[in-house]
Every structure is written in structure tokens, then in C-alpha cells.
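The values are calculated or read from the model by the stated rules, or taken from the named source; none is laboratory data. Because the structure is a prediction, the values reported are computed rather than measured. Positions of Cβ are backbone-derived with ideal geometry, glycine not excepted, and every protein chain shown enters the neighbour counts.
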Amino acid sequence: MSYEKLAKQIVQEVGGKENIHSVIHCVTRLRFKLKDESLANTEVIKGLDGIMTVIQKGGQYQVVIGDHVPIVFAEVTKLIGKDVSEESESTDTSSEERGSLFSKFVSLLSGIFMPIMGVLAAAGILKGFLVALTVLGWMSEDMGVYTILFTASDALFYFLPILLGFTVGKTFNTNPFITATVGASLVYPTMIDIYNAGESLTFLQIPVVLMNYTQSVIPIILAGFLVAKFEKVLLKVIPKALQLIFVPLFIIVTIVPISFIVIGPLSVNASQLLADGAMALYSLSPVITGLLLAGIWQVAVMFGLHWAFIPIMINNVFTIGFDPINGLLYCTVFAQTGAALAIVFRAKEAKLKSLSTTATISGFLGITEPAIYGVNLPLKRPFLFGCIGGGLGGATAGFFSASMFGGFASGGIFGIPMFINPEGLSLQFYGFTLSLLVALVTAFVLTYFFGYSRELAVKQIEKKSA
């Protein structure tokens, strides 16, 4: 495949570079913000060799490509003549103004968390492997190699307010270095030492409710929103010659105290309520919750709605020490992978067999888009059977109270250790692994016997070849 040619075709069919406001990419998708989405030839793009599908959601025109999307993105960037990957997603709000409130909320969370999802998952996987190695007795916490690797895995989570400060700044279209500085103040060692020592602190005779903001999510998001609003006011009243220094100065001396006195305590309490609410819903019936939520999860991922759950998962881990939601949902990746694997054995067409083989490998590594858009969804029934397998796997995970510990796992075989309780292997973890097998085997068996249609497979291949 010529990625340069594919990039030229994509740029042309989305309306030309003049119609592109900005573009970024995630693991498998080019995410455009177009000035006018009606100018894009969606059906033509869907039919291009190398394109899985197109999704229009949350103010973004998403071209699903697969795991070679970084190469295509680089070619697209060359064609449009500017590094739009550095542009803020919020600089053009026209498309979002037409969307629903929930659509705006999902788009907001996507902009905040997407840039760090790769390293977030990598750090979580490393944490999980360290837990597994210590539980199995192959490594001890007093070893130097453990100390260094744990530091590498925990640094992102510990300093999460700083890293989110950068992405929050870009998402809210304000100076990311200012918002990162606010985030850094929340985890400043002196403040943490005062909190750990149980000492009191006041600011202009106003008592400060000290808390530990390491690994927190909500405080920096709210503080960043306030920074963006305050910056607009300052830019109007401060002369341009003085803005370079005095705009950041007034923001820092105002927002940092407000963050400690008001935003921080309210956010931490809100985080606890969010975690309690999630656990309350989960405790009503973990089995039914797993059956329903895991059954529809891949549909939610297709439309980008999963971004609304990611802060809840991360918040649960750092508020109550574990997250049962991802414990329910993790099996869905294996369910869609199982359906694609069945097509590997059933398909008679060389092109479909090759595509499903690649999709299966990607699925085991945690990337389901090739399986969903390249195989399961076009053939219809495999996707449905994948959802059924996911639902049964989720119910199994709920029965055994499967939970994620100590970080964030985005999917695939390498994230499995994240579900080992640091206290040791237990029925909870064994039940979790069983949920993966239930999802995989159910989707495989149903697809193998009832999910393959040669007629539909031939139509899909002819459509792609046309």
C-alpha cells in the first residue's frame, strides 16, 4: 500500500486542505476537524483501499485506518503544509455548537485524555507486570530494578495533574504551560509534606483544606477551565505590551490559591461521590451490570462514547484503590477478537482471510478497530456475536468481582496483570481470566457456526475492490 497515495486521496475527499481546520490521530483513527463536513465525500473515503470506515461524532470527522495510522498522519501533515497536530481541538467550535451537550462533553474528555492514552496504558501495563512478578516471588520490592521500574511506571500517575495540565490547556484553548504550572502546584512536594504531617495552613487568614492531589483528575480540569476564562478577561484589559508577563502572573497568583482553597476540596469530594455512585450502581447487580454494559461496550467505543467512562475508571483506582468497571469491560476486546479469529478459519477468500488474521493479531494486542471495521461489522453477524460474547464475559467478570488495580489498562493480553490484586492471586483474578475466555470462546463458536456468509463476504471484497 502507498501511504502517500492514500493520504492524498483522503485530503482530496475531505474537501481539500482548505477545508481542514485541524487533524490529530489516536491509535487507529485520523480525527479531522473540518470547516464544512458536507464537502467530504464520505462514501468515497469508506471505499478507499486501507480505510475501514468513517465516523462523524462529537464535532470530529474520524477516518478509521488501523495501526498504521501514524504513517498516514505524517503524510497528511506534509500535504496540508503545517503541523496541525499541535493545534488545539477547541479552536474551532462551530461544529460542537451544533452538537448536544453530551456530545460536547465527550469531545472535551477525548481532547483531554487522548494525547496521554498511549503512555497511560504503557505505564499501567508496566505496573501490572511488576505486581505479577512480586506476587509470583520473582522480584522483591527492595530490589534496585524494582525501584527504578516502579518509578518509571508510577511517575505518570503521580504527576498526572501536570501532564493533564498540558492537555487541558490545549483543549480549552489557553496557554498549556500555565495550566501545567497550576497542576504542578497541586503536587508540589512542600504542600504534600504539610498534608502528610497533619499541619494546618492559611492563605490571607483563609483556612486551606489540605489534600493529596497526586494522581487526581478533576481538580486540574476545573482549574484549567477557570484559567481559560480568566485569561480571556485579562487579554482584554491588559495592554499588549504587558501581556507576556502579567497575564501568566495574574493567572498564577489568582488560580493557584483558588485551586487549593475551593476547587481542590470540592473536586476531591466530587471524586469520592463519583466513585461511590459508580460502586452503588455496580453493587445493585454486578452480573447484570456486566452483561448489559459489556454487551453494548463496543458500540459505545465505535461512537466515541467510551471517553465518558475513562475518567470514572481512573478516578475509581485512585479514590478507592480499584476499578470494577474496567473489570467488566476488558473482555469485550477478546470477544471481538474471537469473532475475527473464527473468520480466519471459515473464510474461503484469501483477502478476507488475510484481513481477519491481521485483525486478530491486533485484537490480542488491544486494538479492536481492524476486527470491528475490517471484518466483523461488514459481515454483520460476527459483530453481533462479539457483543453477545462480551456480554457473557462481562457477566462472568461481575460474578467474580473482577477489578483493575493500580493504574489503567486499555486492552489486550499485556494489560491482564493489571487485574492482579497486589495482595496476591485470588479467585477474583482467576474469575477475570475466565471472563476473557468466555468472551473469546463464545464469540468464536457463534461466529464459526452461524456468523460467516460467503455471499456477504464476496460482496464486501468486491465493494473494496471497486
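I'd like to know if region 379-387 contains one or more residues that are at pLDDT below 90 and at negative phi. Steps first, please.
Let us first name the residues in region 379-387 that are at pLDDT below 90, namely 379-380.
From the residues that got through so far, the ones that are at negative phi too are 379.
Yes, some residue in region 379-387 is at pLDDT below 90 and at negative phi.
Residues of region 374-399 being within 17 Å of I51 (Cα to Cα) and touching a residue at least 40 places away in the same chain (Cβ under 8 Å), which ones? Quick ask: steps written out before the conclusion?
From region 374-399, those within 17 Å of I51 (Cα to Cα) are 374-379; that's our starting set.
Matches in region 374-399: G374, N376, L377, P378, L379.
Out of (1) part of a helix (DSSP H, G or I); (2) in contact (Cβ under 8 Å) with a residue 40 or more places away in the chain; (3) closer than 21 Å to I312 by Cα, the odd one out for Y213 is which?
So Y213 meets the others, but not (1).
Looking at the structure I just gave you, is F414 part of a helix (DSSP H, G or I) and more than 26 Å from I116 (Cα to Cα)? Before the answer, list the steps.
On the way: part of a helix (DSSP H, G or I): yes; more than 26 Å from I116 (Cα to Cα): no.
When the stated conditions are applied, F414 does not pass them.
May I ask you to list the residues in region 377-398 that are assigned to a helix (DSSP H, G or I) and aliphatic (A, V, I, L, M)? Show your work before the answer.
Start the filter on region 377-398 by keeping residues that are assigned to a helix (DSSP H, G or I), which leaves 381-398.
L384, I388, L392, A395, A397 - these are the residues of region 377-398 that are assigned to a helix (DSSP H, G or I) and aliphatic (A, V, I, L, M).
Just wondering, is there one or more residues in region 223-245 that are modelled with pLDDT of 90 or more, part of a helix (DSSP H, G or I) and under 18 Å from F318 (Cβ atoms)?
Looking through region 223-245, at least one residue is modelled with pLDDT of 90 or more, part of a helix (DSSP H, G or I) and under 18 Å from F318 (Cβ atoms).
Of these, G327, G374, which one is small (G, A, S), touching a strand residue (DSSP E or B) at 6+ places or on another chain (Cβ under 7 Å) and in a helix (DSSP H, G or I)?
G327
In region 265-323, which residues are farther than 30 Å from L30 by Cβ and in contact with a Gly (Cβ under 9 Å, 6 or more places away or on another chain)?
Scanning region 265-323 gives Y282, S285, P286, V287, I288, T289, G290, L291, L292, V317, G321, F322.
Quick check on this structure: which one of A270, A275, A294, A280 is part of a helix (DSSP H, G or I), of a type outside the set (S, T, N, Q) and without any contact (Cβ under 8 Å) to a residue 24 or more places away in the chain? Break it down into steps so the answer makes sense when it comes.
Working: A270 fails: without any contact (Cβ under 8 Å) to a residue 24 or more places away in the chain; A275 fails: without any contact (Cβ under 8 Å) to a residue 24 or more places away in the chain; A294 fails: without any contact (Cβ under 8 Å) to a residue 24 or more places away in the chain.
Selected residue: A280, the only one of A270, A275, A294, A280 that is part of a helix (DSSP H, G or I), of a type outside the set (S, T, N, Q) and without any contact (Cβ under 8 Å) to a residue 24 or more places away in the chain.
Filter region 300-339 for residues that are aliphatic (A, V, I, L, M) and closer than 12 Å to G391 by Cα and give the result.
Initial filter on region 300-339 (aliphatic (A, V, I, L, M)): 300-302, 305, 308, 310, 312-314, 317, 320, 325, 328-329, 333, 335, 339.
Answer for region 300-339, where residues must be aliphatic (A, V, I, L, M) and closer than 12 Å to G391 by Cα: L328, L329, V333, A335.
Of the conditions (1) touching a Leu at 6+ places or on another chain (Cβ under 9 Å); (2) at pLDDT below 90; (3) under 26 Å from S426 (Cα atoms), V131 satisfies every one except a single condition; which number is it?
Failing condition for V131: (1).
Could you please let me know if A371 is farther than 21 Å from I51 by Cα and aliphatic (A, V, I, L, M)? Show your work before the answer.
Details: farther than 21 Å from I51 by Cα: no; aliphatic (A, V, I, L, M): yes.
Spelling it out, it is not the case that A371 is farther than 21 Å from I51 by Cα and aliphatic (A, V, I, L, M).
Conditions first: (1) in contact with a helix residue (DSSP H, G or I) (Cβ under 8 Å, 6 or more places away or on another chain); (2) free of Cβ contacts under 8 Å to residues at least 60 places away in the same chain. A197 passes all but one, so which condition is the exception?
It fails just one condition, (1).
Failed condition for S140, given (1) assigned by TED's automatic domain parsing to the domain that holds L34; (2) modelled with pLDDT of 85 or more; (3) in a loop (DSSP other than H, G, I, E, B), with all others met?
With respect to (1) assigned by TED's automatic domain parsing to the domain that holds L34; (2) modelled with pLDDT of 85 or more; (3) in a loop (DSSP other than H, G, I, E, B), S140 is out only on (1).
I'd like to check something: does region 393-405 contain any residue that is at pLDDT below 90 and more than 18 Å from L437 (Cα to Cα)?
Yes, region 393-405 has at least one match.
Please determine, by comparing only the residues of region 335-368 that are within 17 Å of I296 (Cβ to Cβ) and within 20 Å of the chain's Cα centre (by Cα), which one is surrounded by the fewest Cβ atoms within 10 Å (Cβ to Cβ).
Just the residues of region 335-368 that are within 17 Å of I296 (Cβ to Cβ), to begin with: 335-336, 339, 368.
In the following step, the residues that additionally are within 20 Å of the chain's Cα centre (by Cα) were identified as 335-336, 368.
Working: A335: 38, Q336: 34, T368: 27.
Within region 335-368, the match that is surrounded by the fewest Cβ atoms within 10 Å (Cβ to Cβ) is T368.
Within region 178-190, take every residue that is surrounded by fewer than 19 Cβ atoms within 10 Å (Cβ to Cβ) and in a helix (DSSP H, G or I) and give me the one that is modelled with the highest pLDDT.
Our first condition is that a residue be surrounded by fewer than 19 Cβ atoms within 10 Å (Cβ to Cβ); within region 178-190, this holds for 184, 188-190.
Now drop any that are not in a helix (DSSP H, G or I), which leaves 184, 189-190.
On the way: A184: 96, P189: 93, T190: 93.
Here the residue is A184.
Restricting to region 250-267, name every residue that is surrounded by 14 or more Cβ atoms within 10 Å (Cβ to Cβ) and either without any contact (Cβ under 8 Å) to a residue 12 or more places away in the chain or not β-branched (V, I, T) (or both).
From region 250-267, those surrounded by 14 or more Cβ atoms within 10 Å (Cβ to Cβ) are 250-252, 254-267; that's our starting set.
F250, P257, S259, F260, V262, G264, P265, L266, S267, listed by residue number.
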